[in-house]
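Scroll down for the structure; my scribbles are underneath it.
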Amino acid sequence: MLGGDREGRLSDLSEAGARFDTDNPPSEGVSGLLSWNGYEFFGKIVWANENSCGLVFERNIPISVVDDTAQAIEVQNGPVANFGNIPVARRGRRASLVSGSE
């Protein structure tokens with residue numbers, strides 16, 4: 001950008017645009033070059049707040065770039081909770097919740 005480089009985190013990437021999280025986002029209306037992982041695309045800032053901005057690409061980027069950029073979310077294996085740590089409700093309270101009466 002004319003005001004200098006900004007480092008940050010690229011998120012919400014699509015063929016049409018992206019969200020860029022950074023400590024000092026550029027102002028709405030500013031044009032610039034978004035560069036990551038060897039890719040470079042021109043775009044324009046369409047919104048900005050204190051910590052991020054939205055950029056619309058000059059031309060849609062290939063879906064292959066979006067797919068290549070996306071990272072897989074690591075799924076944790078194993079039980080969601082340790083059943084021994086879950087408190088057991090007293091019979092009277094549970095019965096009233098199930099039947100709908102107090």
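Structure summary
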{"item": "Kirkwood Rh and Cα Rg combined as Rg over Rh, evaluated for segment 9-71", "result": "0.94"}
{"item": "Relative contact order, percent, segment 9-71 [alpha-carbon distance under 8 Å, six or more residues apart]", "result": "35"}
{"item": "Burial ranking of peptide ranges 42-55, 24-37 (average Cβ count within 10 Å, highest at the top)", "result": "42-55, 24-37"}
{"item": "Computed FRET value (nearest 0.05) for LYS44 with GLU7, which takes r as the C-beta separation and R₀ as 22 Å", "result": "0.65"}
{"item": "Net +/- balance of residues flanking ASN24 in space, Cβ distance below 15 Å, scoring K and R +1, D and E -1", "result": "-4"}
{"item": "Under-5 Å amide H pairs with SER52, H placed in peptide plane, nonlocal only", "result": "THR22"}
{"item": "Integer Hz, Karplus 6.51/-1.76/1.60 couplings in order for segment 12-27, x for Gly and Pro", "result": "6, 6, 9, 5, 8, x, 7, 9, 10, 8, 7, 5, 9, x, x, 6"}
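No value in this document is a laboratory result; all are computed from the given coordinates. Keep in mind that what you see is a predicted model, and the values were worked out from it rather than measured. Glycine gets a Cβ as well: all are built from the backbone with ideal geometry, and neighbour counts include every protein chain shown.
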